[in-house]
Structure formats: C-alpha cells, structure tokens
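To start, the structure under review is shown below, and the notes come after it.
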Amino acid sequence: MTLTVITLAVGPAAYAQLSEEELRRERIETIEQLKSTEEIFGTSSRAGAGMFDKYGMIMDYGGAASISYTGGSNNDRNQGHDAGSLDSTDHNYDYELNLFSALTDQARMNKLYVRLKTKYTETKRSGTAGSVRGNDYEQLNFDMAYFEKKIATKFFSHTWTFGRQYISVGRGIAYGQVADGIDMNVRAPKGLIESYEMFAVRQLPRDDNSDVFGASSIPAAGHTHRQFLGMELKIRFAPRHKMTFFYVLNDDKNNDSHPIAGRHQFDCTFLGYGLSGSLPFSPNLSYFGEYITERGKNFGRHANDMQTPRDAVRAFAFDVGMKYAFPKNKYTPSVYTQYSVASGDP
C-alpha cells in the first residue's frame, strides 16, 4: 500500500509574458510531471527581468518536496510454502527534495534544464532479513540534466531532447523513468496524427537492479545495464478522443553471475494500446484505458544451466479509469478513480 497526496503551489511572479492558454497548458503539464516523478508539492517562479531580459533569456527555478509511506501485511504475497513467514519489510517512509532550474530563450525554442535530487529512506524491517537494506541516504545528485531544441515547420513541431530526462509511453506503466539518451517528438496541431515519438536511452547506472541475481539475492546498486528503444504514436480518431500505440524494447546487457542464484538477463518487449478522451456531456470528465502485452526471455529457474534455453515470458496488464478536473481553480485540482490488473512474469 502506498499513500501519496499531491498538491501544487505555483508562484505568481512575472506571468504577464504568457497568454491564458499558455498558462493553463503549462500548469497542467507541470502537475502531470510532478505526479509522474512522485513529487507531492512544489513552487516555481519566473525571473524575466534584469540581466536575463538583457540577453533575451528567461529563467525558471523552484523546488519540490515529497513524503510518501509504503506499507504491507503478512498476507499480501506469501500464499505458498512460506505462508507463515513475515515479509522482509513492514513499512518505509521516503523523504525527497528536488531543486530545479531552466534557462530558455524568449521564443522558447531552446531550453537547458537541471534538477538536483536527494532522498532519505527510513525502513522498518519485519525481521533481520538481509534482503532489506534498512535506512538509506541518497546524496545530492543530478537527477535530470538535458538540452531541449524545438524546430517549428509549416505543419509540424519537432522537439529534440538530449541528456538525462524523464521519458514515458502511454500511462507510464510499460515504461516511465529518468534515463540517459535522446528523444525525438513530432507534433501536428491538426490532422489524424497528433504526435509521433521515438527514443533511445540507457537506464541510470546508479539504479538498483532488484533482480540482477535472481529472487534469492539482495538488490545490487550499480549493476543495471539496460538499454531501451521505443516509439509511440497518438491518433485523433474523433473530436476529444484519441488512440495511443507504443512499442518498447528492453535490451539487458547484464552479464553478471551469482554462485547460487546463477545468471540473470531479462530481455523483453512491450506492446501497448490506449484509448482516452473527454465525455461530450461533461468536458471536464475524462476517461482512459490501456492494454499492454509483454514478451521476452529470462534465465529464471535455469539460471545455473547455461546450456538450457531461457524461459519464455508472457504477461499482460490493463488499466482503466476516469478523472474529473476543476479547470476554473487556479491550482487545477482533479480527482480520479483507477482500476489496474497485471499478470506478472510467468
């Protein structure tokens, strides 16, 4: 169980340069990004005067902080032979702080964005299990750092992003994380195709790989060698309704081996289909749905046998829900209900 409450406070400084539509879009996009990166509350301000105006630049800066609680019970997953054993973790608290700054030109065609992050995790163990680290502190680091270049043409708007950035496809279930690489997005204001996106990234080396040596080992920091290639297509099939198709390839370059658990190398692909839109009788009420299939191979139970073909992975997931927004409120709050099912990796 994870409990998260999200609120956002946006500073009033120097917004006269933006139209009402730009303000509305910026506020909504900011809230969605805060949600996807698990930031609970934040502020942002614009410094559009002084030396930045002199050089034709705009600077955005601000910060965000979050506190989240995750807990579980003894009967959530131990239904087999170890039903009488306790889960390794009883609960934990995550305290996270982010500081960001973005420098753009007046036309907003070029942007340099940097975000620093630090986090402290307080973990309550159920026992002395070695698979749980206990309390952990993540030193201040560059969580995100990228350069964004926009190119406008007669019919399309191209956006190229280079560096450490947040990328997601669909609703972020199949793929959604900060990674190093390149992303290309093409948008069309009119027509059947709304946007087309392609990316090639590498998962951050410092990320924990919880299954690098199989289920019987502890998470290993710095043992992540996964590369991702993906594409996403969004189509307007009716007014206020769109379909989303995406494909993600996970290429695992990990070659580590463990004397007991054996070798782990998980290669897979994700194929997803999504549908979303707003209802005609209530434009503020929207719906969403997504279906994902996963196919791949893993060493699994044959991890110690290099001659045996790897186990096949066949899994699926779907996610449906509805959301109601309050656009007249300057903080743009919303409420939603969501139902998700996933089969796991058999």
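Read-outs throughout are calculated quantities, based only on the coordinates presented, and are distinct from any laboratory measurement. Since the structure is predicted, the reported quantities are computational estimates derived from the model, not experimental observations. So basically every Cβ, Gly included, is an ideal-geometry build from the backbone, and we count neighbours across all protein chains shown.
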Step through the table entries LYS149/LYS242; LYS119/LYS297; LYS154/LYS253; LYS119/LYS328; LYS149/LYS190; LYS124/LYS330, compare each Cα-Cα distance with 32 Å, and write down the pairs that go over it. LYS119/LYS297; LYS154/LYS253; LYS119/LYS328; LYS124/LYS330
D_trans [Stokes-Einstein, Kirkwood Rh over alpha-carbon pairs] for the range 136-180, 4 °C, 1.567 mPa s, µm² s⁻¹: 101
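For HIS158, HIS241, which order do you get if you count the other beta carbons within 10 Å of each Cβ and list the fewest first? Each step should come with its number before you reach the end.
Working: HIS158 13, HIS241 16.
Placing the least packed residue first, the sequence is HIS158, HIS241.
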Amide proton proximity set for HIS225, modelled H, under 5 Å, gap of 5+: LYS253, ASN254
